[in-house]
Amino acid sequence: MQWVLLVSALASAQPAAAVPLTRSVTLSVYTKKAVPVDDLKPEEVVITEGEKKRSVLGVERDTRPLDVALVIDTAAALAAAYRSDLVPAVMEFWKALPAGTDVAVWSTAPAKVSEFGADVAATDSKLRMIAAAGGNYGFDSMVEGCKELGARGAPRRALVYVGGGGLQTSRTGTSALMEAVGQARATPLVVLVLPAGRDGVLGGGPSSGAAYSWDVQGYFAQMSQAYFGWYVEALSTLAVAERLRQAAADLNGQYQVRYESEAGPGEKVKVDVKRKDVRVRVGRSRPDLVPAN
């Protein structure tokens, strides 16, 4: 009996074997022609966490409810193209979102144009009645959008900004928006329209044609990286529609990918998809509630 007790004590003193842990990462996959990929297979996905390659356990379409807070630039800087280019592009984007998506719209006046769950046609009419003028106070609208996204608590939440870079703000304002996006756990999707140069040709570099008092392009690029989002620049208002088609494809082509991990804080996740001509955005990674067997 004493030997049995001794063996039992020694066994309990041994360090417990590491229990496999599973994590899930959100993945958006769509083609270069802005068509969401709807048939992604586990064998096409390669996940690296830190420096370690992980086993992919499953790939499922992410069809959880989605809320979108959309802010459109109604300031004087883009007034000439507001009704002709921006509003049609935003409406096309809305109609292309996953079925059941709830959208609320803000202007950069700042003002709320429509509530979550509003009708797309009614919102279109309201947007076309707005006389684009004044300054761009989109930061205030984006902060309000984030607050509402957080309060509603949808499993998927996106903050979309469509407009120019002449946003009126301060250091306090930029910090407030970064904090609001984080608290709402929103995915920022930003289409920034670059200003025209003296010859009317739009440039694509960080400083070409830009006359901003602060680094708005760097700010949105940093935000998209920090919160697993998406930031692109439109070289003209005509290009906004194509950029928003890509954003809609991103939201329609989302997956939840489960993979085997380890206990402890998760490390940076890198995902490669073994398929030609696709674009991939890696979202948040989180531990699953049930460990892997």
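The values are calculated or read from the model by the stated rules, or taken from the named source; none is laboratory data. Note that the coordinates shown come from a computational prediction; the quantities given were computed from them, not determined experimentally. Cβ coordinates were reconstructed from backbone atoms using ideal geometry, including for glycine residues, and neighbour counts include every protein chain displayed. These area figures cover heavy atoms from the full protein model, side chains too; ligands, DNA and RNA do not enter into them. Shrake-Rupley method; radii C 1.70, N 1.55, O 1.52, S 1.80 Å.
Entry remark, the range 215-246: residues being of a type in the set (F, W, Y) and in contact with a Pro (Cβ under 7 Å, 6 or more places away or on another chain) number 1 in total. Residues in the range 226-251 that are farther than 11 Å from R281 by Cβ, in a helix (DSSP H, G or I) and open to solvent by 10 Å² or more (accessible area, probe 1.4 Å): A226, T237, L238, A239, A241, E242, R243, R245. The residues listed here are V240, V257, V273; of these, the one that is touching a Ser or Thr at 6+ places or on another chain (Cβ under 7 Å) and modelled with pLDDT of 95 or more is V257.
For the range 85-94, residues that are closer than 14 Å to A131 by Cβ and without any contact (Cβ under 8 Å) to a residue 60 or more places away in the chain total 1. Criterion applied to V29, V71 was being within 13 Å of G163 (Cα to Cα), of a type outside the set (G, A, S) and part of a strand (DSSP E or B), and the one residue passing it is V71. Among residues of the range 243-257 that are in contact (Cβ under 8 Å) with a residue 24 or more places away in the chain and under 13 Å from L66 (Cα atoms), those with a beta-carbon under 9 Å from a residue that is open to solvent by less than 10 Å² (accessible area, probe 1.4 Å) and assigned to a helix (DSSP H, G or I) at least six positions away or on a different chain give the pairs A248/F93. Taking (1) of a type outside the set (D, E, K, R); (2) modelled with pLDDT under 95; (3) open to solvent by 10 Å² or more (accessible area, probe 1.4 Å) in turn, T22 satisfies each apart from (3). Would you say R64 is open to solvent by 10 Å² or more (accessible area, probe 1.4 Å), under 26 Å from S261 (Cβ atoms), in a strand (DSSP E or B) and touching a residue at least 24 places away in the same chain (Cβ under 8 Å)? Criteria not met by R64.
Mind checking which residues of the range 29-61 are surrounded by 14 or more Cβ atoms within 10 Å (Cβ to Cβ) and not β-branched (V, I, T)? The answer is Y30, A34, P36, L40, P42, E44, E49, R54, L57, R61. Yes or no: the range 261-272 includes at least one residue that is more than 30 Å from A176 (Cβ to Cβ) and of a type in the set (K, R). Looking through the range 261-272, at least one residue is more than 30 Å from A176 (Cβ to Cβ) and of a type in the set (K, R).
One residue stands out among those in the range 67-92 that are surrounded by fewer than 23 Cβ atoms within 10 Å (Cβ to Cβ) and among the charged types (D, E, K, R): the one that is nearest to L127 (Cα to Cα), which is R83.
Give me a count of the residues in the range 219-261 that are of a type in the set (A, V, I, L, M, F, W, C) and under 29 Å from V56 (Cα atoms). Residues in the range 219-261 being of a type in the set (A, V, I, L, M, F, W, C) and under 29 Å from V56 (Cα atoms): 9 in total.
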